Protein chains: 2
Amino acid sequence: MVTISQVAEHAGVSPATVSRVLNGDERVGDEYKQRVHDAVAALGYRPNRLARSLRTQRRSAIGVVVSDIENPHFSEMVRAVEDLAYGAGHHLLVCNTDESAEKQRTYLEMLADEHVLGVILSPSHPAGEEIGLLIDRGIPVVAFDREVSDQRADVVIADNVKGARTATELLLRAGHTDVVYVGGRSDVETGAERLDGYALTMRRAGLVPRVAEADFRIEGARAAMTELLAAPQRPTALVVANNLMTVGVLAAMREHGLRAPDDLALVGIDDPFWAPYLDPPLTVVAQPVRKMAADAMELLHDRVSGRRTEPRRIVHPFELRRRVSCGTADPTTQ
Amino acid sequence: MVTISQVAEHAGVSPATVSRVLNGDERVGDEYKQRVHDAVAALGYRPNRLARSLRTQRRSAIGVVVSDIENPHFSEMVRAVEDLAYGAGHHLLVCNTDESAEKQRTYLEMLADEHVLGVILSPSHPAGEEIGLLIDRGIPVVAFDREVSDQRADVVIADNVKGARTATELLLRAGHTDVVYVGGRSDVETGAERLDGYALTMRRAGLVPRVAEADFRIEGARAAMTELLAAPQRPTALVVANNLMTVGVLAAMREHGLRAPDDLALVGIDDPFWAPYLDPPLTVVAQPVRKMAADAMELLHDRVSGRRTEPRRIVHPFELRRRVSCGTADPTTQ
DNA sequence: CTGAAAGCGCTTACAG
DNA sequence: CTGAAAGCGCTTACAG
């Protein structure tokens with residue numbers, strides 16, 4: 001392990017001068033600069049970032065906490081954040097919480113103890129006190145997808161109520177009246193809001209909401225669908241609460257010999273990369289994940305640079321991406 | 001920021017004693033222990049992990065370098081690694097290289113400078129000299145999926161040749177003679193080996209290999225398929241080089257009104273979580289990603305603990321997961 | 001069993 | 001422009 005002192009000795013200067021040269025301090029004389037650069041090259045010296053972070057009290061890591069990196073929604077988010085972080089010379093500590101309050105706490109405490117630059121958190125437990133711990137210690141937190149109780153955090157979310165409304169309205173305008181919502185966990189914010197958006201839209205149209213309850217997961221959706229399709233009255237259209245559930249819904253439909261959109265029209269929420277390639281290509285309302293990630297990073301940078309101290313809250317609209325699964329025809333006139 | 005000295009003062013002991021208590025040193029007297037614990041609680045003290053790492057020369061972060069976290073293969077790998085790391089109290093620095101030699105170099109150098117505990121690397125550039133830099137500095141490297149030039153690294157790979165052979169043989173045994181390989185990048189190890197496995201198997205059966213060249217990506221596979229299906233003789237079966245390409249292949253087939261397995265039998269390589277839910281459910285040969293991740297972590301821990309200094313190389317077999325897309329009938333007798 | 005002191009590898013006022 | 005010295009927040013031989 002070559003240290004800065006060894007470089008200094010080799011170059012015949014002080015460690016302070018080596019540090020200055022390496023950090024681009026212009027006041028150093030040209031000959032000294034050259035000698036330092038030569039010594040660095042000769043010894044293959046690389047500064048210890050740990051030591052630098054400790055001394056400068058400035059870290060280059062950003063914590064990203066999601067419930068499950070394997071969920072394409074979060075893979076996309078992490079990917080987008082990573083692209084931006086790389087450009088800024090930062091790197092990512094990625095943490096999965098599995099929707100466990102305890103894992104969230106453990107990870108956030110660890111990130112606090114690591115003195116990360118900031119945290120982008122898709123909360124499993126919005127009221128966790130460890131969120132305040134981070135902010136107390138001057139580590140900015142951006143809540144992603146879901147809000148957190150601590151009002152000092154920044155927030156980047158999508159308008160789930162409107163998103164579900166857009167999906168539902170699309171089907172209602174096509175003439176459907178029996179639109180069922182295949183729902184995710186209504187005990188979490190995103191689940192509750194999407195359900196609300198659907199139910200409100202149905203009621204406003206004078207229709208009765210009907211929900212097949214599931215859990216945001218493939219097999220849960222498949223089971224809920226199996227039950228739904230065994231019921232006396234089969235709906236003509238579905239709104240599905242997230243991308244994983246869509247996979248389960250399509251599987252259940254296939255088992256029952258049903259095709260979208262003819263037997264059952266379908267609008268999904270979320271747009272994983274394979275949605276356009278499903279059979280049929282899936283119509284979805286999608287969160288603009290990349291834009292949201294860019295906002296999250298910008299909010300973080302504003303905080304770190306001290307440009308802003310007041311919390312901000314950015315709400316993105318969902319985007320309708322119309323493909324095939326929603327159908328086009330008015331089913332009442334077929 | 002509460003420091004260990006403040007805790008010491010509050011408890012009326014030395015910083016050394018606080019450190020000992022917090023690190024579970026049993027030699028400390030019970031009364032002192034109690035006083036330290038009280039002071040820690042009163043002040044809300046949390047040790048600075050950066051300072052500890054610098055002092056002990058022991059880091060708790062593991063670097064994971066993949067080409068693209070959005071590829072389900074790597075999402076699954078990172079997820080599996082993360083599960084194991086969490087249990088061991090480690091956390092993950094996740095890096096995307098986009099198959100760029102430069103990004104790989106930048107990230108690996110950064111991981112070296114961060115003095116991470118170890119690196120799991122799915123190499124974009126197997127001969128990168130920065131791999132040696134890590135090992136020189138005592139940071140163990142486990143090559144994942146693909147080998148690296150530096151012989152000192154550990155290796156966890158799947159037997160791509162046999163995997164592709166298994167896929168091809170399954171189709172040959174079903175009676176197919178015109179099996180086309182929809183190929184990935186044959187300039188990378190995995191691509192080249194899978195191609196070899198396919199081609200060898202065809203030749204051994206007295207058949208002529210036929211390849212639709214693509215690039216491991218959805219659109220590349222779709223384009224290659226469109227070309228293939230425009231050719232005079234349509235094959236009766238396909239082996240597809242990775243999970244993303246399967247998505248493109250199915251899309252192209254749909255555009256041409258072809259269904260698997262009846263019009264075209266299909267075996268994929270890789271088993272993303274949605275493969276069983278595709279239409280038709282996909283028959284695949286799959287790398288045992290979770291087992292491979294577990295091995296990678298174990299190799300890392302062996303190195304870190306000094307239990308082993310000689311490099312190890314673990315080769316996993318692919319697993320055949322037979323579903324619907326490969327068909328069952330002998331097409332020559334239909 | 002406990003504390004004073006040194007040191008991990010840097011950076012940065014301070015003095016010259 | 002350059003260096004000696006202090007210090008970031010810990011841990012750990014060393015001495016008692």
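Values computed for the structure shown
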{"quantity": "Subset of segment B:108-119 that is part of a helix (DSSP H, G or I) and surrounded by fewer than 24 Cβ atoms within 10 Å (Cβ to Cβ) - its residue that is farthest from the chain's Cα centre (by Cα)", "calculated": "B:Asp113"}
{"quantity": "Given (1) open to solvent by less than 10 Å² (accessible area, probe 1.4 Å); (2) within 24 Å of A:Ser122 (Cα to Cα), number of the condition A:Ala294 does not satisfy", "calculated": "(1)"}
{"quantity": "Single residue of segment A:17-56 satisfying the filter (of a type in the set (A, V, I, L, M) and within 11 Å of chain B (Cβ to nearest Cβ)) that is most open to solvent (accessible area, probe 1.4 Å)", "calculated": "A:Leu54"}
{"quantity": "Single condition B:Ser122 does not satisfy, out of (1) among the polar types (S, T, N, Q); (2) in contact with a strand residue (DSSP E or B) (Cβ under 8 Å, 6 or more places away or on another chain); (3) not assigned by TED's automatic domain parsing to the domain that holds B:Ala294", "calculated": "(3)"}
{"quantity": "Residues of segment A:227-241 satisfying the condition of being buried (at least 16 other Cβ atoms within 10 Å of the Cβ) and over 21 Å from A:Gln287 (Cα atoms)", "calculated": "A:Leu228, A:Leu229, A:Pro235, A:Thr236, A:Ala237"}
{"quantity": "In segment A:1-16, residue farthest from DNA strand D (Cβ to nearest atom) [restricted to those that are within 14 Å of chain B (Cβ to nearest Cβ) and in contact with a helix residue (DSSP H, G or I) (Cβ under 9 Å, 6 or more places away or on another chain)]", "calculated": "A:Val2"}
{"quantity": "Yes/no for B:Asp270 being within 27 Å of B:Val66 (Cβ to Cβ), acidic (Asp, Glu) and not assigned by TED's automatic domain parsing to the domain that holds B:Ser149", "calculated": "yes"}
{"quantity": "Residues satisfying the stated conditions in segment A:263-278, i.e. touching a residue at least 24 places away in the same chain (Cβ under 8 Å) and not aromatic (Phe, Trp, Tyr)", "calculated": "A:Leu264, A:Ala265, A:Leu266, A:Val267, A:Gly268, A:Ile269, A:Asp270, A:Asp271, A:Pro272, A:Ala275, A:Pro276, A:Leu278"}
{"quantity": "Test for B:Val315: is it in contact (Cβ under 8 Å) with a residue 12 or more places away in the chain and either of a type in the set (Val, Ile, Thr) or out of contact with any Asp or Glu (no Cβ under 9 Å at 6 or more places or on another chain) (or both)", "calculated": "yes"}
{"quantity": "Residue that is within 16 Å of DNA strand D (Cβ to nearest atom) and in the same structural domain as B:Arg152 (by TED's automatic domain parsing), where the choices are B:Glu114, B:Glu99, B:Glu26", "calculated": "B:Glu114"}
{"quantity": "Filter result for B:Arg79 (touching a residue at least 12 places away in the same chain (Cβ under 8 Å), assigned to a helix (DSSP H, G or I) and either within 30 Å of B:Val284 (Cα to Cα) or more than 14 Å from DNA strand D (Cβ to nearest atom) (or both))", "calculated": "no"}
{"quantity": "Wholly within segment B:132-219, strands (runs of 3 or more DSSP E) carrying at least 1 residues that are more than 23 Å from the chain's Cα centre (by Cα)", "calculated": "B:179-183, B:210-213"}
{"quantity": "Subset of segment B:68-106 that is of a type in the set (Gly, Ala, Ser) and either farther than 20 Å from A:Glu114 by Cα or open to solvent by 20 Å² or more (accessible area, probe 1.4 Å) (or both) - its residue that is nearest to the other protein chains (Cβ to nearest Cβ)", "calculated": "B:Ser75"}
{"quantity": "Residue that is within 14 Å of another protein chain (Cβ to nearest Cβ) and under 15 Å from the mean Cα position of the chain (by Cα), where the choices are B:Arg259, B:Arg290", "calculated": "B:Arg290"}
{"quantity": "Unique residue being of a type in the set (Ser, Thr, Tyr), open to solvent by 30 Å² or more (accessible area, probe 1.4 Å) and farther than 19 Å from A:Gln287 by Cβ when the list is A:Thr166, A:Thr177", "calculated": "A:Thr177"}
{"quantity": "Odd one out for A:Val65 among (1) under 24 Å from B:Ala51 (Cβ atoms); (2) surrounded by fewer than 19 Cβ atoms within 10 Å (Cβ to Cβ); (3) among the hydrophobic types (A, V, I, L, M, F, W, C)", "calculated": "(2)"}
{"quantity": "Qualifying residue in segment A:290-307 (condition: modelled with pLDDT of 95 or more and not in a helix (DSSP H, G or I))", "calculated": "no"}
{"quantity": "Number of positions in segment B:226-244 that are over 27 Å from the mean Cα position of the chain (by Cα) and in contact (Cβ under 8 Å) with a residue 12 or more places away in the chain", "calculated": "9"}
{"quantity": "Matching option when the condition is more than 12 Å from DNA strand D (Cβ to nearest atom) and free of Cβ contacts under 8 Å to residues at least 12 places away in the same chain, among A:Ala61, A:Ala41", "calculated": "A:Ala41"}
{"quantity": "Condition check for A:Ser122: without any contact (Cβ under 8 Å) to a residue 60 or more places away in the chain, open to solvent by 10 Å² or more (accessible area, probe 1.4 Å) and of a type outside the set (Lys, Arg)", "calculated": "no"}
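Listed here are the residues, each with its yes/no results for (1) under 40 Å from the mean Cα position of the chain (by Cα); (2) outside the structural domain of A:Val141 (by TED's automatic domain parsing).
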{"residue": "A:Gly12", "(1), (2)": "no, yes"}
{"residue": "A:Val21", "(1), (2)": "yes, yes"}
{"residue": "A:Gln34", "(1), (2)": "no, yes"}
{"residue": "A:Asp68", "(1), (2)": "yes, no"}
{"residue": "A:Lys103", "(1), (2)": "yes, no"}
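Results for (1) within 12 Å of chain B (Cβ to nearest Cβ); (2) open to solvent by less than 20 Å² (accessible area, probe 1.4 Å), shown as yes or no for each residue.
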residue: A:Met253; (1), (2): yes, yes
residue: A:Pro276; (1), (2): yes, no
residue: A:Leu299; (1), (2): no, yes
residue: A:Ile314; (1), (2): no, no
residue: A:Val324; (1), (2): yes, no
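The values are calculated or read from the model by the stated rules, or taken from the named source; none is laboratory data. This is a predicted model, so every value here is computed, not measured. Here Cβ is always computed from backbone atoms with ideal geometry, including for glycine, and neighbour counts include all displayed protein chains. We work out accessible area using only protein heavy atoms, side chains counted, and drop any ligands, DNA or RNA first. Shrake-Rupley method; radii C 1.70, N 1.55, O 1.52, S 1.80 Å.
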